[in-house]
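Trainee: Before I ask anything, let me first share the structure, which is written out below as structure tokens.
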Amino acid sequence: MSHFGQVARVPGDPILGLIDAYRSDSNPHKVDLGVGVYKDPQGNTPILRSVKIAERHLLESETTKSYIGGHGDPLFTQHLARLVFGADSSLLNANRAGATQTPGGTGALRLAGEFIHRCLPGRSIWLSDPTWPIHETLFAAAGLKVQHYPYVEADNRLVFDAMLAALQLIPHGDVVLLHACCHNPSGFDLNPQQWRQVLAVVRERNLLPLIDFAYQGFAEGLEADAWAVRLFAAELPDVLVTSSCSKNFGLYRERTGALLVSSATADKLVDVRSQLAAIARNLWSTPPAHGAAVVAQILADDSLQRLWQEEVEAMRMRIAELRQGLLTALQPYGLAERFAHIGQQRGMFSYTGLNPEQVKRLRDEHSIYMVGTGRANVAGMDSQHLDYLAAAIAKVSG
Ligand code: LMR
């Protein structure tokens, strides 16, 4: 009898599955607004110039392929921690915060989930509704009970009052996942005053914040986007932050990220980090080296870092322009007001407000691919396609 006879088929990934569907579509006008990758005006996802220079240098200077250790490349983790917590972070200066390198932001989330399950048993994790679909499955796979607080309602609006009211009912000690900026999938972010209100509830109920920081630099800029992370880390005894270099360094396939921890004391941080290294050993042993070495090269070199900052800023500005461009293209159809939220949302993604049936029609009739929930990757748009896109949106939403 076959061992695999009982293995059932599961549906394809809601986001990555779109890559194949798009690839096999022969329509020359096809548009890919699925998985969150940045595309340049030529429709390519380029390797950043700063990355290319760092890679060339590495090719010449790298002397070994030996393991890099449980917490990863020390130069990478030191520089990444400064990027997240700030160049003059008092937490880092006091050894109360540190980073553990992980395979991408997803690896950091899984490491955080496993850490909570193992070291803080019995705590639920609370996710925004909606959230990145992999948050749901990843934390459940790590053994956590997954619960939700409202974030965006069916009429495609951030419902901050309902969010705050729900946070006020979360049991003391539970974990709350917050998106630092560029909320995935909606693109709706909290303003500073709202962040302070959330902080007050988190403090009062002694919740543990896990802040997903996958898009640093894509909302308001590299420093401004870290504001809420730094506020929480400064005001609370313990914070977990997951950082990704996929988008802002364009290192998607190199799987480069980190789990950052800030802790009440330097001594306790050592305990926590010992657990993280032990858990990581059982997940991936040691993280992949290349992407982290590239990031370390860039952040350790002033001129390379400046070039990278300019490149991130150029991507950010272009995405903002594409948002406005789509609204302008929707104007002749009388739809600019109905879709005005696209101009207010930030980062790569937009919850367009299109329903699954409309998304299906966009795909079947116009070869425009987006996630079934109506999430569009604005960073995948192209100014030449905006009219085509607007006409198709007008047809399916008429
Ligand atoms: C996305 O949401 O499209 C990205 O974060 C890529 C991914 O891994 O899903």
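Results for (1) away from the ligand (no atom under 13 Å from the Cβ); (2) small (Gly, Ala, Ser); (3) more than 18 Å from ARG318 (Cα to Cα), shown as yes or no for each residue.
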{"residue": "ARG9", "(1), (2), (3)": "yes, no, yes"}
{"residue": "ILE19", "(1), (2), (3)": "no, no, yes"}
{"residue": "PRO28", "(1), (2), (3)": "yes, no, yes"}
{"residue": "LEU33", "(1), (2), (3)": "no, no, no"}
{"residue": "PRO41", "(1), (2), (3)": "yes, no, no"}
{"residue": "THR45", "(1), (2), (3)": "no, no, no"}
{"residue": "LYS52", "(1), (2), (3)": "yes, no, yes"}
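Trainee: Inspect all residues belonging to the range 116-129 and state whether any of them is within 16 Å of the ligand (Cβ to nearest atom), over 16 Å from the mean Cα position of the chain (by Cα), surrounded by 18 or more Cβ atoms within 10 Å (Cβ to Cβ) and not in a helix (DSSP H, G or I).
Mentor: no
Trainee: Also, quick follow-up: How many residues does the range 78-103 contain that are out of contact with any Cys (no Cβ under 9 Å at 6 or more places or on another chain) and under 19 Å from ARG306 (Cα atoms)?
Mentor: Kept after step one, since they are out of contact with any Cys (no Cβ under 9 Å at 6 or more places or on another chain), are these residues of the range 78-103: 78-79, 81-103.
In the following step, the residues that additionally are under 19 Å from ARG306 (Cα atoms) were identified as 78-79, 81-88.
Number satisfying all stated conditions: 10.
Trainee: Can you tell me which residue within the range 235-258, out of those that are in a strand (DSSP E or B) and under 13 Å from the mean Cα position of the chain (by Cα), is farthest from GLN101 (Cα to Cα)?
Mentor: Start the filter on the range 235-258 by keeping residues that are in a strand (DSSP E or B), which leaves 239-244, 257-258.
Remaining after also requiring under 13 Å from the mean Cα position of the chain (by Cα): 241-244, 257-258.
Numbers: VAL241: 12, THR242: 10, SER243: 9, SER244: 10, GLY257: 6, ALA258: 4 Å.
Residue satisfying both the conditions and the ranking: VAL241.
Trainee: So which of ARG110, ARG82 is part of a helix (DSSP H, G or I), open to solvent by 10 Å² or more (accessible area, probe 1.4 Å), in contact (Cβ under 8 Å) with a residue 60 or more places away in the chain and within 16 Å of the ligand (Cβ to nearest atom)?
Mentor: Details: ARG82 fails: within 16 Å of the ligand (Cβ to nearest atom).
When all the criteria are applied, what remains is ARG110.
Trainee: Cβ contacts < 9 Å: first residue closer than 9 Å to ALA329 by Cβ and without any contact (Cβ under 8 Å) to a residue 40 or more places away in the chain, restricted to the range 377-389; second residue assigned to a helix (DSSP H, G or I) and open to solvent by 20 Å² or more (accessible area, probe 1.4 Å), any location; separation 6+ or different chain. Result?
Mentor: Filtered contacts from the range 377-389: no entries.
Trainee: Taking only pairs six or more apart or across chains, which ones have beta-carbon atoms under 9 Å, a first residue in the range 161-175 that is within 18 Å of LEU236 (Cα to Cα) and free of Cβ contacts under 8 Å to residues at least 24 places away in the same chain, and a second residue that is open to solvent by less than 50 Å² (accessible area, probe 1.4 Å) and of a type in the set (S, T, N, Q)?
Mentor: none
Trainee: Which residue out of ARG306, ARG316 is open to solvent by 20 Å² or more (accessible area, probe 1.4 Å), touching a residue at least 24 places away in the same chain (Cβ under 8 Å) and out of contact with any His (no Cβ under 7 Å at 6 or more places or on another chain)? Lay out the reasoning, then the answer.
Mentor: Numbers: ARG306 fails: touching a residue at least 24 places away in the same chain (Cβ under 8 Å).
Of the residues listed, the single one that is open to solvent by 20 Å² or more (accessible area, probe 1.4 Å), touching a residue at least 24 places away in the same chain (Cβ under 8 Å) and out of contact with any His (no Cβ under 7 Å at 6 or more places or on another chain) is ARG316.
A quick yes/no check of all residues on (1) open to solvent by 30 Å² or more (accessible area, probe 1.4 Å); (2) not aliphatic (A, V, I, L, M):
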residue: LEU259; (1), (2): no, no
residue: ALA266; (1), (2): yes, no
residue: ASP271; (1), (2): yes, yes
residue: GLN324; (1), (2): yes, yes
residue: GLU337; (1), (2): yes, yes
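Trainee: With the checklist (1) modelled with pLDDT under 95; (2) open to solvent by less than 20 Å² (accessible area, probe 1.4 Å) in hand, flag the one item THR100 doesn't pass.
Mentor: Among (1) modelled with pLDDT under 95; (2) open to solvent by less than 20 Å² (accessible area, probe 1.4 Å), THR100 violates only (1).
Trainee: Consider only pairs whose beta carbons are under 6 Å apart and that are at least six residues apart or on different chains; among these, list those whose first residue lies in the range 116-137 and is within 18 Å of VAL202 (Cβ to Cβ) and whose second residue is open to solvent by 40 Å² or more (accessible area, probe 1.4 Å) and among the polar types (S, T, N, Q).
Mentor: SER124/GLN147; TRP126/GLN147
Trainee: Additional query: Looking only at the range 152-172, which residues are open to solvent by less than 10 Å² (accessible area, probe 1.4 Å) and assigned to a loop (DSSP other than H, G, I, E, B)? Even if it seems obvious, please write down each step before you answer.
Mentor: Taking the range 152-172 as the starting set, the residues that turn out to be open to solvent by less than 10 Å² (accessible area, probe 1.4 Å) are 163, 167, 170.
Correct list: ILE170 only.
The values are calculated or read from the model by the stated rules, or taken from the named source; none is laboratory data. The structure displayed is predicted, hence computed values, not measured ones. Neighbour counts are summed over all protein chains in view; Cβ atoms, including those assigned to glycine, are modelled from backbone coordinates with ideal geometry. To get the accessible areas, we keep the full protein, side chains included, count just its heavy atoms, and leave off ligands, DNA and RNA. Shrake-Rupley method; radii C 1.70, N 1.55, O 1.52, S 1.80 Å.
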